[in-house]
Amino acid sequence: MNDAARTLISKAMETAKPPVEFSAYAPSNIALSKYWGKRDAARNLPLNSSLSISLAEWGSHTTVRPSSDGRDHVSLNGETLSATSKFAIKALKFADLFRGGKDIPLVIDTRNTIPTAAGLASSASGFAALTRALCGAFGLDLSESEMSLIARIGSGSATRSFWHGFARWDKGEAEDGSDSFAQPLAYNWPEFRIAIVAVDVGPKSHSSRDGMNHTVATSPLFATWPDQAEADCKAIEQAVADQDFPVLGALAEANALAMHATMQAARPALSYLTSDSWAILERLWQARQDGLEAYATMDAGANVKLLFLQDSEVNVLSLFPEAQVIDPFGAL
Ligand code: 2P0
């Protein structure tokens, strides 16, 4: 299989040094224009481009170091994981891309700063931080675009987690995935805010990977998604460039609802949104009719993320007192 990411790693590893301890951070991100559907599952190549905003200090800190007892060790949030845990298997399989069959035992220690109660997935920040940490540990001098390309093999959304602010993952055209990676968008928007309204913190019934594959395979509504998503991505980027918040918010909300509609038309239907999610949306839509300028986006889970500008924060919090507000440009 010709895979640009795997080729890039093997080439870089030809001159790698023995690993040293290296720590890295990557922020989580939320897509304003979603990635949903793959044209190639082995390389995690998407059917459409996507555009995200990073979550500043909400993300993953990962340290990679050589193991002194000859065995791999993986820990998450201070807890040592069994080698058979899902997280450990995924992290070590990803590290194997770098080890290329050589016996290089590693310790991988990840700490997520995303509040557990926010119920956000951490695979985006997790694989981006792990990519940075592995590259650092082996002394590989790769650009962020190259690291984004590599992180895609771990998780598609990780491509967008190498920067603060906005990022766009171009779907690319090449079969080997050489042009499918993300880039930062050089727009600052200090008033931009995101609030997480947590609905359900339990484990989800379907992983997003299974959910998107099932949707692509069975949903008659999916046919219109890739072109619509591509158009939304372009229009949202333009709205970011113009700092036109109502246009951006309306597009992001419509894009998220269209993604969820493709899932609801899957056979059998797939729904990550619960009655609580819909109740939040209805409350938001009522408030919008009354003048609140806030919009919603939802991913492969029941939580609702609100998008608004700083001057609406007091009103958003009075409507959703439990919401956790993130200032994506604040700590930069
Ligand atoms: C996104 N999601 O753009 C979309 C919106 C969920 C809904 O990217 O199979 O964990 O590892 O590439 O990146 C979640 O999917 O999936 C995701 P894989 P990933 O943020």
Point to revise | Conditions (1) away from the ligand (no atom under 13 Å from the Cβ); (2) under 22 Å from D210 (Cα atoms); (3) open to solvent by less than 10 Å² (accessible area, probe 1.4 Å): number failed by I89 | key: (3)
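So that you can scan it fast, the table gives a plain yes or no per residue for (1) in contact with a helix residue (DSSP H, G or I) (Cβ under 6 Å, 6 or more places away or on another chain); (2) modelled with pLDDT of 95 or more; (3) open to solvent by 70 Å² or more (accessible area, probe 1.4 Å):
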{"site": "A167", "(1), (2), (3)": "yes, yes, no"}
{"site": "D170", "(1), (2), (3)": "no, yes, no"}
{"site": "E173", "(1), (2), (3)": "no, yes, yes"}
{"site": "S180", "(1), (2), (3)": "no, yes, no"}
{"site": "S205", "(1), (2), (3)": "no, no, yes"}
{"site": "H214", "(1), (2), (3)": "no, yes, no"}
{"site": "S219", "(1), (2), (3)": "yes, yes, no"}
{"site": "A223", "(1), (2), (3)": "no, yes, yes"}
Point to revise | Selected residue (only one of L120, L140, L130 is in the same structural domain as A91 (by TED's automatic domain parsing), at pLDDT below 95 and open to solvent by less than 40 Å² (accessible area, probe 1.4 Å)) | key: L120
Check your understanding: Residues in segment 52-85 that are surrounded by 22 or more Cβ atoms within 10 Å (Cβ to Cβ) and either without any contact (Cβ under 8 Å) to a residue 12 or more places away in the chain or among the acidic types (D, E) (or both): how many?
Key -> 0
Check your understanding: Scanning for something over 30 Å from A231 (Cα atoms), in contact (Cβ under 8 Å) with a residue 24 or more places away in the chain and in a loop (DSSP other than H, G, I, E, B), does segment 28-50 turn up at least one residue?
Key -> no
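The values are calculated or read from the model by the stated rules, or taken from the named source; none is laboratory data. Being a predicted model, the structure only gives us computed values, none of them experimental. Because the Cβ atoms are built from the backbone with ideal geometry, glycine has one as well, and the counts that use them run over all protein chains shown. Calculation scope for accessible area: heavy atoms of the full protein, side chains included, ligands and nucleic acids excluded. Shrake-Rupley method; radii C 1.70, N 1.55, O 1.52, S 1.80 Å.
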